[in-house]
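Shown next, in structure tokens, is the structure this report addresses.
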Amino acid sequence: MLHPAYINLNYFFYPTGTTPATCLTQDLPPERPANILVLNCGDPRNILFTLYNSDPDCSRVVDFTCCESEPAVLARNVLLFSLIIDDRNTGQDNSNLHWNIFYHLLLDEPSLQLLQRQSKKLLEISMDETLWRHSGYGNVLRMVSKDTLQQLRNFWTKYADTANYSEGQMKSYEAQYKEGWERIRRNYVGTTRVISGCRTAGPLWMESTRASDLSLKRYWKTGVAGGDEGDLTCAKHANPAFAFSSAPHGAFSVHYGTDPLLGFHSVTSYTNVVTASKAPTPEEPEGQVNRVVLSAKAQFSSWCESFKAHTAANLVSIRFFCGEATSFCLALQERNAMEILRDFAFGFGQPWRTTLLKLDGSDYDGPASPSAPLTFDVIDTAGLSDQIGLLSILVCTAPLLIKKPSSVIYTETLLHSSEEETSELSKILFGDLTTVTVLLNLAPLGHLTAIASQASFHEAGILLSGSSPNSRDSLLHTRIPWKEPVLGDPLAAKYLLSSKCVFADTELAALLSDIYLRMFSHEANSPLTYPETGFTRSTSGPKHFTRATFAAFLRYVKGRAICNWAKVLDAMIVKICSYKSAELEPNGIQDLFLHSYLFGVSEDLRGRRKGHSILSGLPEITCIVLTVPRKTLTLFTRMNRRDMGMLAFCASVRSQDAHHTFASVQPIFGKAALSKDRRSFTIQEDLRGWTGISDMVVSFWVPSHILYSETESSLKVCLELVNASQAISIFSIALGPQLTIFEASLSDSAHVTVCTERSGIKSRVIPEELVPLVEQVIPPSYAGLRVGQVGVTLSSMNEIDKFKVRLDYHNGGKEHAALKLGSSVDIKQDSPCTVLLGISGCKKHRLAFPYPVNTLVHTLRVSRKAAWIELLVSPSVATDIAGYSLHTLPVINDNACYLVWNIPYIPLNTLPVLDTSRTNNFDRWVNQHVSNMWSDRERKIRNDGEQMDVKMELKESIQTIFLQAAGLGPSGKPERVFSLCAPEHGGNHMLIFVADLRLDLSSQTAVVDAYVLPLTEEVIARYPRRISRIYRDGIVNIRIGEGELTGWKDMMPAIAERCRTWKHTPACEYRVSGIPVSIAMGQSPLCSCGLGVVGDEFVKQKEWEPFRKHVTRIALSPLFAVSYIERTTTGMVKGLNFFLDAQELTTRESFTNLVQDNVCQNCGLEAGGAVGLAVGSPVVMLTKCNRCKTAMYCSQACQKQDWKKHRAECL
């Protein structure tokens, strides 16, 4: 595990999702199979929504591997999947009961009985893995390990046992359940106002602020989603699927932010969409919540139907692993690289447990090729980066990513919104973003292209919960796709021999030591600034990392960097150790040496000291087992858990002149037993944990040489708290300056045991008898770059300054002679990552780089005598007119499979259609939503009338299409035909027929569903009168220049490819002519494979129908600015002001009142409130004063009591 051992007393159970479902295959072409790794998977909403967006008729096989640390979450998921499969087999539709079981805190009798029966059934067929595999579920629902199945059985047993409770047991169970429920509601839900649920409304988040808070309050008052009166009638039983979890205290621990509606898309409840119902969109919060509940249930039912279809066609497999995510990823890496037997233990599977991590499921049998995937097309990490650190996630997942242009890693990160917003990613990666992405060979797509397809404007609602939009406490929930930078450039991918880079040893050592110092800045005794890096260290930095994290990062870098690794490591350690005088905690250096050895970063254990070993015969690595008496832990069990925060344990070995800390510890409650040969130990685990009576057993590795001393009594083994500001502020008085919880002498056999093995775990992450993961290549020298190698030069700030390539002409020939004669050397950027270099009159050479470059900033070094040329070129910044700005939306031919690289695929036919024929609220959201395309920089250029680049010109035209298609243009009606006209470059080039405006739920934005008609020479010659009629009937003419015209033609293949339902033929023009086919006047940029594939909405337009054979369907979305690359706050604030003006509000306080007026003005009772938890208690519904339509009251009595006060302000 690559994170500290957190004290898990302040535990919350997350049974349902807290963010709207997203499609995990949106970056993959529809015909390709998908292997998907889902870490921290949570509930199954993303799996179900992904299948819903994947047409079973396309026969794509989807294989999910789900990792989750909470077994109760997986037990619930498998229970739900099995119920849906049963419905498929019987032809029934029990989705309402399934909804109740999975989402309600209280159940009616039929739902409870179904849950209990199904749990009993699952127990009967899961006695062992073989029985499970051959059951009716085993072909779809598969287990990665035997331990996973056993952990799920433990919870199914608890669910089933509730059917056999005696009357006394049932009363006690129900009382404990409702007491825990009421405690959380009272302490958390009732004291705060929450509008985070407005995320589910996406672009209409402002319309949902009242309803999102009311929905949460209703749920925790009534126990059913949204307080739905239809579900309330008979819901009176505690739901076992919410009652049981791994909470250490065993009580009801559902997180206070839980609301079933958060996992669905509520946007259609706040605007008019094309449906069978013509009911108007409700404006009152109560009506909105009811509508959201109905919408969520309909989505759930549709998702379940899609799951049935996929399972019936054998198109889906879902594998489950219960354990810690980084350990699982490291195990998959090792299993993929080596021939390992299925009983091999990779380490502990979870914190606080004795179970070892084994991939012993049947799909991982055999030493060669297991049937389960070990590498993946998609890796989704949910919110793990905020729990264990973004760098840990990327280091663990990057080696598991299949090397394809479509492969992607998704992270979800809370980034601070501040003046330094654009540097947030650099901060949490502990180095310059470009530099770290080159090391990782992974980059955020937005960092490469400066555009995003997913809207972030709705996150402004979260900002409003802080003191101000720029508060450091304000966080933007940011979902980031990461890809290999070079794979979006087919030319570079073809010519680049290796994505590895050559580094100067001293420069790489300085960079790595700088990252180390930033990573462990929280250990500094005071904030300090180092001139050589410009980095200010703070004592309150993140505590997600251990030295094992940094060692795993070093192992990854070792496989990526071409250098003399031994020299790099030596220089790095010297530099790290030199910072002792700068007050960085020096006690962790032995922990760094230890894990560098364990991860194979260092071939031997560094830091050895000569002397006499107190324990003879020890290997280089030794395991210490410390038994900590339970009475010393009462300090934590007695404190208020709400004040505990993120505290973590570490261990230390102290002598008179040294104090070595080790953060990678495994604490377990139980009793340790030493083996007969005293080489290893076992632990009899006390599953009651913190509520039991057993001592705590803490095990950890140490370098054996630190045990060298004259006497055993001079060495102390200690359990401590990780030295961080929070722990110091709370416990420094009680525990002392070292935060020591317990200590014992090494000679104290009652509390300390020294072993050579750790409970059956091999000492090295890379065992010596197995093949190493990477082979290190040492170049003769940095100056002598080999052909095809790319060197990197770093600045004094440890940031990449230049990429460097070299061409040698020692063998004579035309180039050699031309150089000697003084011929000029020319360069030209050929694509985002390639440069053409040539000597005048000679053949040009294409030089490829592993990252987009900017040739506007370059240096040429030419030695005419020695006959060589060196090119030094800067990495491209996303806002440059270079790099991927040259080709923002590439379509890549990957072995005759054409794929879009940086915008998602969209299943247009399943997206909700906005009803533009009805009175709508488009004026309140469409304009500000589309305006979020502009960054502050772009907005200033636009407002000042300065020259815009091609990307900005495209945004201008896209905004025009959206606004006028929504009826917000000069005509006041929805426009349907647009012409791209370049008067100075041939006139009209394309017609765009807008069929519909739709809502892209996964990306939380709007999309124009349209058909493009390139006005080719053939079309103009064949349909002159019909084209003239189209223009005569009225179109919107969009005037563009030559650059924008090229941009549109360059973009067309991507926006056509992303929504295609057709297949490319063997005669596809892309194969011969490239992509786009042509940008010339009178030629089409698109292939002919999708011509004529139109929907009913096109055929219904009689004036369009003649062009049917010549149009291609496209999906046009806004190209949003990227908040972590450029500031976008101004656009957000303007959008908010627009909304406030529309509501006749002018201040932030007014908006706060708008969000918080859901209370009775007289008594303060909240909407949705009820007294106690009694089933059937009336739900409070607030009504407005009939006169002013502002004041809210819960009853006529309250309104009468308040009239004297309210009369003065009532209008």
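The values are calculated or read from the model by the stated rules, or taken from the named source; none is laboratory data. Not measured: the values here are computed from a predicted model. Please note: Cβ atoms are built from the backbone with ideal geometry, for glycine as well, and neighbour counts cover all protein chains shown. Only protein heavy atoms, including side chains, enter the accessible area calculation; ligands, DNA and RNA are left aside. Shrake-Rupley method; radii C 1.70, N 1.55, O 1.52, S 1.80 Å.
Can you tell me which of 837-845, 511-519 comes out highest on packing, and rank the rest after it, using the mean Cβ neighbours within 10 Å?
511-519, 837-845
Straight-line reach only, C-alpha to C-alpha below 23 angstrom: list the lysines that Lys1109 could link to, leaving out same-chain residues fewer than 8 apart.
Lys1049, Lys1063, Lys1100
What does the accessible area of Thr506 come to, in Å² to the nearest 10, when a probe of 1.4 Å is used?
100 Å²
Taking a 27 Å limit on the Cα-Cα distance, which of the listed pairs Lys121/Lys146; Lys403/Lys844; Lys121/Lys221 fall beyond it?
Lys403/Lys844; Lys121/Lys221
Using the alpha carbon gyration tensor of region 893-1016, what are the three equivalent-ellipsoid semi-axes (square root of 5 times each eigenvalue), largest first, in whole Å?
22, 22, 18
What number comes out for accessible area per residue over region 1009-1050 if the probe is 1.4 Å? Units Å², please.
53 Å²
Please give me the summed charge of the neighbours of Arg32: other residues whose Cβ is under 11 Å from its Cβ, Lys and Arg +1, Asp and Glu -1.
Here the count lands on -2.
What pairs from Lys236/Lys297; Lys120/Lys671; Lys500/Lys865; Lys558/Lys802; Lys558/Lys804; Lys217/Lys1200 go past 23 Å between their alpha carbons?
Pairs exceeding the cut-off: Lys120/Lys671; Lys500/Lys865; Lys217/Lys1200.
Solvent-accessible area per residue for region 830-941 at a 1.4 Å probe radius, Å²?
35 Å²
Counting only the heavy atoms of the protein chains, how much of Met338 is accessible to a 1.4 Å probe, in Å² to the nearest 10?
Counting only protein heavy atoms, Met338 exposes about 10 Å² to solvent.
Could you order the peptides 654-661, 673-680, 727-734 from most to least packed, using the average number of other C-beta atoms within 10 Å per residue?
Order by mean packing, descending: 654-661, 727-734, 673-680.
Could you give the semi-axes, largest first, of the ellipsoid that matches region 780-886, computed as the square roots of 5 times the alpha carbon gyration tensor eigenvalues and rounded to whole Å?
Values for region 780-886, descending: 25, 17, 11 Å.
Return the long-range amide H neighbours of Asn854 (sequence gap of 5 or more, or a different chain), with a cut-off of under 5 Å between placed amide H atoms.
The list, which skips near neighbours in sequence, is Ser874, Ser876.
Given H placed on each backbone N at 1.01 Å, which residues far from Ile1114 in sequence or on other chains put an amide H within less than 5 Å of it?
Under 5 Å from the amide H of Ile1114 lie the amide H atoms of Ala1010, Tyr1011, Val1012, each far enough along the sequence or on another chain.
Sort all Cα-Cα distances of region 621-762 into consecutive 10 angstrom bins from zero, then give the percent of pairs in each bin up to the one containing the longest distance.
11, 42, 35, 12, 1
Checking a compactness column here: for region 119-258, what do you get for Rg(Cα) / (2.2 N^0.38 Å), N being the number of residues?
1.31
If you find the alpha carbon centre of region 171-210 and of region 853-876, how far apart are they in angstrom?
60 Å
Could you tally the net charge around Leu97, taking each other residue with its Cβ under 10 Å from the Cβ of Leu97, Lys/Arg +1 and Asp/Glu -1?
In short, -3.
If packing is taken as the mean number of other Cβ atoms within 10 Å per residue, what is the order of 1100-1113, 1002-1015, highest first?
1002-1015, 1100-1113
Pop out the ³J(HN,Hα) list for region 655-668 in order, Karplus 6.51 cos²θ - 1.76 cosθ + 1.60 with θ = phi - 60°, rounded to Hz; leave Gly and Pro as x.
My calculation for region 655-668 gives 10, 5, 10, 8, 9, 10, 9, 9, 8, 8, 10, 10, x, 9 Hz in order.
Kindly give Rg over Rh for region 791-840, based on alpha-carbon atoms, with the Kirkwood expression for the hydrodynamic radius.
Computed over Cα atoms, the ratio is 1.10.
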